[in-house]
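Undergrad: Following this message is one structure expressed as structure tokens.
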Amino acid sequence: MEQTPNDTQIARDILNKFGLPTTFEGIRIKIGRWRKQWQVEAKRIPIKRLFFDIETGYYILKIRAWQLKNFQRYFNYEDIEQEKQIICISYKWQYEDKVHTLDWRMGEKQMLKEFIKIMGEATEVVAHNGDKFDIRFIRTRCLAHGILMYPNYRSLDTLKKARSGFLFASNRLDYLCKFMNVGGKLEHDGFDLWKDVVEGKSEERLNEMIKYCERDVIMLEDLYFILSPFITHNNNFAVLTGGEKWYCPECASANVKMFRTYSTPMGIIRREMKCNDCKKQYKISNKNYILMLQDLMNGN
Ligand SMILES: [Zn+2]
């Protein structure tokens with residue numbers, strides 16, 4: 001229980017192992033309380049993983065038409081009266097309990113300025129469809145406001161990982177979290193909510209949207225930790241925190257074992273590894289495996 005900061009992951013492990021006649025949520029709450037009571041602190045590595053999600057408005061188009069049937073034509077950029085903006089950005093750091101939100105009441109520009117600073121501090125940014133949508137759209141709005149932003153971020157897109165490694169009925173965050181038994185999205189009344197926020201400027205409805213966005217960030221983190229042992233990593237946190245290349249790339253633990261050897265068609269030996277702490281499975285080169293054996297022989 002000291003090895004993972006995530007109560008959800010532990011609750012899933014317990015349910016999968018023992019199949020207790022109780023609800024998932026019940027177990028998760030009990031684990032949270034138990035850990036608090038006994039002050040079980042999860043092992044932390046000095047990395048900053050940022051989970052985030054954005055909500056955007058929509059394009060408002062102007063339409064000039066002689067006849068109604070013309071409304072059915074394809075719209076293009078010339079019809080844009082008002083550009084789509086980012087309404088709010090919710091984010092959470094790994095190891096922290098609080099979900100933060102920045103929203104456009106401070107102005108989209110100011111909101112982006114603040115968030116770009118936060119993104120810049122992150123060792124890895126995690127978002128669902130982040131590579132294709134969130135990061136690109138944030139960059140687009142930053143460009144519009146003249147806010148500098150890095151051309152590259154070390155990211156991990158849970159949608160990409162879900163698509164490439166599994167065959168889910170749907171790759172939507174809501175479905176994936178329901179599939180993994182970690183809850184689903186908050187209910188909302190769809191486009192009406194957006195209309196009230198964008199055109200009605202309703203603060204009450206904006207707060208509702210923020211709750212929805214924050215819930216998505218919590219789900220995203222849960223999804224990430226459940227997927228983690230099954231997916232390849234994009235960043236090596238062992239090396240980033242001063243560890244050896246054979247350490248676990250996820251939790252930087254040296255408590256790992258080699259479980260399989262294979263060779264590439266070119267005859268290069270690779271070692272498949274498993275972390276005893278966080279269950280991450282990963283590959284290392286034979287050279288690094290030999291280093292590991294030397295380290296272990298030297299009692300390091
Ligand atoms: Zn690990």
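Read-outs: derived from the displayed coordinates by stated rules, not from any lab. None of these values were measured; they are calculated from a predicted model. Note that we place each Cβ from the backbone using ideal geometry, even for glycine, and neighbour counts take in every protein chain shown.
Undergrad: How large is the Rg to Rh ratio of the range 175-300 when both quantities use alpha carbon positions and Rh follows Kirkwood?
TA: Taking Rg over the Kirkwood Rh, I get 1.23.
Undergrad: Something else about it: For the chain, count the residues as N, evaluate 2.2 N^0.38 Å, and divide the Cα radius of gyration by that value, please.
TA: Dividing the Cα radius of gyration by 2.2 N^0.38 Å gives 1.18.
Undergrad: Give, in whole angstrom and from largest to smallest, the semi-axes √(5λ) of the equivalent ellipsoid of the range 43-183, with λ running over the eigenvalues of the Cα gyration tensor.
TA: Semi-axes (√(5λ), whole Å): 32, 22, 13.
Undergrad: Also, I was wondering about something else. Normalising by the residue count of the range 224-279, find the relative contact order in percent from Cα pairs under 8 Å and 6+ residues apart.
TA: Taking the mean separation of contacting Cα pairs over the length of the range 224-279, I get 26 percent.
Undergrad: Relative contact order of the range 11-150: what whole-number percent is it, with Cα pairs under 8 angstrom and at least 6 residues apart?
TA: Rounded, it is 25 percent for the range 11-150.
Undergrad: Which ³J(HN,Hα) values in Hz, rounded to whole numbers, follow from the phi angles of the range 258-265 under the Karplus curve 6.51 cos²θ - 1.76 cosθ + 1.60, where θ = phi - 60° and Gly and Pro get x?
TA: Each residue of the range 258-265 in turn: 8, 10, 6, 10, 9, 10, 6, x Hz.
Undergrad: Hey, another quick one. Jot down the radius of gyration and Dmax of the range 193-261, Cα atoms only, both in angstrom.
TA: Radius of gyration, then largest Cα-Cα span, for the range 193-261: 20.2, 61 Å.
Undergrad: How high is the relative contact order of the chain, in percent, counting Cα pairs under 8 Å that sit 6 or more residues apart?
TA: In percent, rounded to a whole number, it is 15.
Undergrad: Further question on the same structure: How would the range 249-300 be classified by its alpha-carbon gyration tensor: rounded, prolate or oblate, with rounded meaning a/c under 1.5 and the a/b versus b/c comparison settling the rest?
TA: oblate
Undergrad: Using the Kirkwood formula over every pair of different C-alpha atoms, what hydrodynamic radius in Å results for the range 51-115?
TA: It works out to 14.4 Å.
Undergrad: Another question about this same structure. Number of Lys-Lys pairs in the range 100-206 under 26 Å by Cα, sequence gap 8 or more or different chains?
TA: 20
Undergrad: Please list the non-local residues whose amide H lies under 5 Å from the amide H of residue 56, H modeled 1.01 Å from N, same-chain partners needing a gap of 5 or more.
TA: 87
Undergrad: Taking the Cα centre as origin and putting +1 on Lys and Arg beta-carbons and -1 on Asp and Glu beta-carbons, what dipole magnitude results for the chain, to the nearest 20 debye?
TA: 1060
Undergrad: Something else about it: Once the Cα gyration tensor of the range 83-129 is found, what semi-axes does its equivalent ellipsoid get, as square roots of 5 times the eigenvalues, in whole Å, sorted largest first?
TA: Working from the Cα gyration tensor, I get semi-axes of 20, 12, 11 Å.
Undergrad: So how do 130-140, 221-231 stack up, highest first, on mean other-Cβ count within 10 Å?
TA: 221-231, 130-140
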